[in-house]
Amino acid sequence: MSEVYFKPAEDIGPEQTQIDQIRTLFPKISPVSEGDIVAVKIHPGELGNTTHVRPVIIKTIVDLIKQAGGIPFITDTTVLYKGKRFNGVDLLYTAGTNGFTLGSMGAPFISADGLNGDDSVSVDIGGEVIDNITVASAIAKADSMIMVSHCKGHPASGFGGAVKNLGMGCLDKAGKTAVHEVAIPSIDIDKCTGCRKCVKTCPWDAISVEDGKARVARDLCHGELSCFGSCNFGAIVPPADAPVKMQERLGEAALGPVKLLPEKIGYINWIFDLTPGCDCFNFSSPAFARDVGITASKDPVAIDKASLDLINDRMQHDSGGCVNNVWGIDPVIHLEFAEKIGAGRMKYDLVRK
Ligand code: SF4
């Protein structure tokens, strides 16, 4: 059983700010040794997103790492979709715009998978569906890592927390493709109007319009599905089993960074602004549940299971719903696969002190 430390949102007030809560939780999960180069893995938010983890939280963690003798840098990886984090330059621009600058943080922001998203270290994980995964170099080569995850909904996994941050957020483009490639869509030609909106959305030139109908080139498609959101006619059809198959891969891929940094990762889940969509969205929708608080653990699976249970308890109390209802997806699947491959344990002991 893994310990998960919890500071509730209800306790926040003049005598106990979120900053105070982070200062209390950090020593319980810190893997930082004197002289460590420490990756602070965050999601800085897509350009336009306003509900990503706040810079002041990350600045607090940076200061705590320095106090522990570590040398911190803040990091994230490039993405598969055509947003403002597609390459290393855009990623730094977006991180800076969203508040994560050297001046504000006291630590530099580094694109973990380099300029083009291909700077990585390959690691054998021996899973049922993924044998080998590519982890972004700056994460793979760090001495230790503090992973700060904003808990929220997600259209593919139902929920995004620490396991998703490991099994997707720590990978280079090839690694992300290995998780997404089970989601290559087909086109419902009866619904397709040939408007070409999906063509403009795809960064991989995988969609063309011929004879007035869209076509997907399977050899070019990375399965990132930004085309799905772009189509106003419901003509882009992902495989029905994509949410389950992607979660299987996501859960297994989480072992990559864990295996490269054994006993050297501490996890903090920030359970505020529980938006249905993830921080890759270039907007922020209203929350589907009230703020819960902050959890911290040395186990990525336990912290996510505890965070999910806390959110579900809150939703049950307030409205009778649960996270599964947000996208019609059971997010526990990716946690089960993460546990099965050895990335962590589902059973936890919630410590509220
Ligand atoms: S966006 Fe939809 S309707 Fe337009 S071309 Fe693509 S699949 Fe067809």
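Things worth noting here:
- Within a Gaussian network of the chain (alpha carbon springs, distance under 10 Å), most fluctuating of Lys66, Lys176, Lys41: Lys66
- Degrees between helix 88-97 axis and first principal axis of the chain (Cα, 0 to 90, nearest 10): 60
- Degrees between helix 300-318 axis and first principal axis of the chain (Cα, 0 to 90, nearest 10): 80
- Relative to the longest principal axis of the Cα atoms of the chain, the long axis of helix 55-67 makes an angle of roughly 50 degrees.
- Candidates Gly223, Gly69, Gly103: whichever shows maximal mean-square fluctuation once the chain is modelled as a Gaussian network with Cα springs under 10 Å: Gly103
- Hull shadow area, averaged, region 185-238 [alpha-carbon convex hull, nm²]: 3.0
- Inter-probe distance in nm under a simple model that places probes 7 Å from Cα toward Cβ, at His317 and Arg218: 4.9
- Dimensionless Rg over Rh [region 131-237; C-alpha; Kirkwood]: 1.07
- With the convex hull constructed from alpha-carbon coordinates only, region 298-349 shows a mean projected area of 3.7 nm² over all directions.
- Label-point gap, in nm, between Phe233 and Ser122 - each point 7 angstrom along Cα→Cβ: 4.2
- Charge dipole of region 185-238 (Cα centre as origin; +1 on each Lys and Arg Cβ, -1 on each Asp and Glu Cβ, all else neutral): 160 debye, rounded to the nearest 20.
- Applying 1/(1 + (r/R0)^6) with R0 = 22 Å to the Cβ-Cβ distance of Phe283 and Val89 gives a FRET efficiency near 0.45.
- Cα gyration tensor of the chain - equivalent ellipsoid semi-axes, whole Å, descending: 32, 22, 20
- Taking the centroid of alpha carbons for each part, region 6-80 and region 215-263 are 28 Å apart.
- Fraction of C-alpha pairs exceeding 16 angstrom in region 1-100: 64 percent, rounded to a whole number.
- Simple point charges give the picture: +1 on the Cβ of Lys and Arg, -1 on the Cβ of Asp and Glu, and for region 150-255 a dipole about the Cα centre of about 320 debye.
- Convex hull volume of the Cα atoms of region 96-149, normalised per residue: 131 Å³.
- Extending 7 Å from the Cα toward the beta-carbon at both Asp349 and Val244 defines two label points whose distance is 3.6 nm.
- Taking the helices alone, the chain has a mean residue ellipticity at 222 nm of -9000 deg cm²/dmol, built from -39,500 (n - 2.57) per DSSP H run of at least 4 residues and averaged over all its residues.
- Beta bridges from DSSP with both residues in the chain: antiparallel share about 55 percent, rounded to the nearest 5.
- Selection from Leu225, Met105, Thr201, by position along the positive dipole direction of the chain (Cβ): Met105
- Fraction of C-alpha pairs exceeding 16 angstrom in region 237-315: 65 percent, rounded to a whole number.
- Taking a straight line from the alpha carbon of Lys82, these lysines sit under 25 Å away, with near neighbours fewer than eight places off in the same chain left out: Lys41, Lys152, Lys164, Lys173, Lys176, Lys191, Lys197, Lys200, Lys213, Lys245.
We did not get these values from a lab; they are worked out from the coordinates using the rules stated. In this text the structure is predicted, and so the values were computed from the model without any measurement. Glycine gets a Cβ as well: all are built from the backbone with ideal geometry, and neighbour counts include every protein chain shown.
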